[in-house]
Amino acid sequence: MTLSTVKKLFIIALGTLVTSIAARDIRFHVDGGCYDTAYNDCQDAAAGQCCTAGSPFCAYVECYACELGNDVYSFNRASCTGGATNSCREGADAHCCIGAGNGNTCAGNWEVGGGRKKARFGRMAESSESSTNRDVMNEVLKKKDEECKAPAHNATAFTTGPGGIKPVDLKDCEVILKPNRMGFKNRKGKMIEIHIPTGTYERALELFRAENWEELEKFPAYTGQKYTAADYIIQKKPQD
């Protein structure tokens, strides 16, 4: 084996390792903890990226593939703003599986914390991220800037509060994702993983609650589909 071949193999192996390190999935579970239960998740979520889910997947949340020192947060609402409902730091011998409020909606995200430094959502991704992910992130941030930069005096949205009707500052918004994968057992006890295309998450929840496994299995099989810029949702931050 030539030195050139060895170098090529090393680069390939390093690329594979970096890819595996980069992936973090915010995963929501039904009652029963974070092991061997039905789930849905946001694939390869960047640090700080908010992922929201709906009932009955608001019992527990984990960061699948997070590493030692990373922090995991849960929220009992469809937003990651304000104080977290629960939080946890990944330990050497303990994996975080935290309550998500068990309500109609919930959310979760992760932060680097005491783990290895990594690009956060909202910043240019490090070289360990693929160029595709960087392009998607930059497109999403551009979309957020365009939709959220309107000054309050030019805002077309209004809200009613203690002070009466007032314009909403559209800069006060956040970027969220909805799960793009669901895992569940069909009537034969086989674990099925489906892809949840944009705009179909609520339908998937409806079918899951009705235990209509046959219709759920008609969703596309999950084969590693990634988020595109169109999957990111710009929403106004909820008022306290």
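Rule-based calculations on the coordinates, nothing more; no lab input. Here the structure is a predicted model, which means the values were calculated and not measured. Backbone-built Cβ (ideal geometry, glycine too); neighbour counts: all protein chains shown.
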For a quick check of your reading of the filter: which GluC sites (Glu not before Pro) in the stretch 167-240 sit in a DSSP loop and have no more than 15 other Cβ atoms within 10 Å? Glu211, Glu217
Taking placed amide H atoms and a strict 5 Å upper bound, the residues 5 or more places from Tyr222 or on another chain that come that close are Glu193, Ile194, His195
Roughly what would the spin-label model give for Thr223 and Glu67, points 7 Å off Cα along C-beta, in nm? 3.0 nm
Given R₀ = 35 Å, what would the calculated FRET efficiency be for Ile233 paired with Ala94, taking r from the Cβ atoms and rounding to 0.05? 0.60
